[in-house]
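Structure first, then comments.
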Amino acid sequence: MASTLPGRWVIANSSRKRPGSHRDDGAPSVVASELQSELDERLGWRQVVAALPQIVWITRPDGYHLFFNQQWLDFTGLTLAESLGDGWLPPFHPDDRARTSRRWKESISTGEPYEIEYRLRRHDGVYRWMLGRAVPLRDESGDIVEWFGTCTDIHVLKEALDEAAGLREELEFRATHDFLTRLANRELLFEQLGLMLRQRRSTGLVVVFMDLDWFKVINDRLGHSAGDQLLVHVADRLRATVRQSDVAARIGGDEFVVVGEAKDEEDAERFAARVAEGIRGHVTIAGERVEVAASIGTAYVEAGDTRSADAVLALADARMYEVKRRR
């Protein structure tokens, strides 16, 4: 293919230009004719492009792809004939094609530089993350004559950033959740309970404080690992029992708290009974069939009640110990 680059072109500040526009008098630009001639003499622009590690492509002002370097052909496994025009789009990940094409059309329309991240299919079917960039090449009149673009492999960087984001999310989760059961921890419980107490309008709240029965016996007989399994089992049952608007927390040892809305005292009692029934049953741990149950204390807070989160939890805790003492 003969070189499509003109004898004189400039890489202009495209934020000031539109396709077909002219440079303002005195606007900074770099006329590259002398440098281009020298490069053509020494190596030719094809050799320069071939030496670049990135995929390189060139299009007409309307976005029609005229040129791809060997890196594109080697990476995608396509021929040059297959890649020209709109042939560049099929190797893109199906989930990325629409937004990539839309972003490219915006740049063609406005003359703004093109930049986007997307997944590109390698010749072996593996998708890798790429950073696609393109700038308009303008003649001395400021008109766009071609677009010069590159695709840079950022897959390793992308994976590292995603891993770092995942670790940050996990650390933030652990700061507000119990590590073993992944229920809310004490800090998040107090935060959510305080918020629910402040935001009540026409409905009350119920706080259910639970302490597992026979937990110390299970720990002593089967070991702490079995005890941990029981705690995880109870947490799973709680998650399956509570409503989406409720808060379920493990606040330490074998103590759990559930907070939810209740219309009145009777509704609060029904809520507590549903929670108790939700965790009750049997589970096999360390080869033994273990009964699961809990002593429960309930505190109902009417809509106009001004008690603090500490006071409400203390009341539910005291009622739970009263139930446990009578057993």
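The values are calculated or read from the model by the stated rules, or taken from the named source; none is laboratory data. What you are looking at is a predicted structure, and each value in this text was computed from that prediction instead of being measured. Cβ: placed from backbone, ideal geometry, glycine included. Neighbour counts: every protein chain shown. Accessible surface areas use protein heavy atoms only, side chains included; no ligands, DNA or RNA. Shrake-Rupley method; radii C 1.70, N 1.55, O 1.52, S 1.80 Å.
Consider the range 83-99. How many of its residues are at pLDDT 95 or above and crowded, with 16+ Cβ neighbours inside 10 Å? Number satisfying all stated conditions: 3.
For the range 279-327, the tally of residues that are part of a helix (DSSP H, G or I) and open to solvent by less than 20 Å² (accessible area, probe 1.4 Å) stands at 6. Of the set (1) buried (at least 18 other Cβ atoms within 10 Å of the Cβ); (2) within 28 Å of the chain's Cα centre (by Cα); (3) charged (D, E, K, R); (4) more than 30 Å from L89 (Cα to Cα), all apply to D153 but (4). Taking the range 164-206 as the range and being basic (K, R) and open to solvent by less than 60 Å² (accessible area, probe 1.4 Å) as the test, only R200 passes. Restricting attention to the range 192-242, the residues that are in contact with a strand residue (DSSP E or B) (Cβ under 9 Å, 6 or more places away or on another chain), in a loop (DSSP other than H, G, I, E, B) and over 30 Å from K263 (Cβ atoms) add up to 1. What is the number of the single condition among (1) modelled with pLDDT of 50 or more; (2) over 17 Å from L131 (Cα atoms); (3) open to solvent by 50 Å² or more (accessible area, probe 1.4 Å); (4) part of a helix (DSSP H, G or I) that P61 does not meet? Status for P61: all satisfied but (4). Here R250, R280, R274 are screened, and the one residue that is touching a helix residue (DSSP H, G or I) at 6+ places or on another chain (Cβ under 7 Å), among the charged types (D, E, K, R), free of Cβ contacts under 8 Å to residues at least 60 places away in the same chain and within 23 Å of K324 (Cα to Cα) is R274. Scanning the range 179-215 for residues that are charged (D, E, K, R), without any contact (Cβ under 8 Å) to a residue 24 or more places away in the chain and farther than 22 Å from D264 by Cβ gives E187, E191.
The one condition from (1) more than 18 Å from W57 (Cβ to Cβ); (2) modelled with pLDDT under 95 that Y127 does not meet is (2).
Which of the numbered conditions does D267 fail, given that it passes all the others? Conditions: (1) under 27 Å from T203 (Cβ atoms); (2) open to solvent by 40 Å² or more (accessible area, probe 1.4 Å). Only one criterion in (1) under 27 Å from T203 (Cβ atoms); (2) open to solvent by 40 Å² or more (accessible area, probe 1.4 Å) is unmet by D267, namely (2). State whether one or more residues within the range 146-165 are farther than 29 Å from F75 by Cβ and out of contact with any Lys or Arg (no Cβ under 9 Å at 6 or more places or on another chain). Among the residues of the range 146-165, not one is farther than 29 Å from F75 by Cβ and out of contact with any Lys or Arg (no Cβ under 9 Å at 6 or more places or on another chain), which makes the answer no. The numbered conditions (1) within 22 Å of S308 (Cβ to Cβ); (2) modelled with pLDDT of 90 or more; (3) under 33 Å from the mean Cα position of the chain (by Cα) are all true for V206 except (3).
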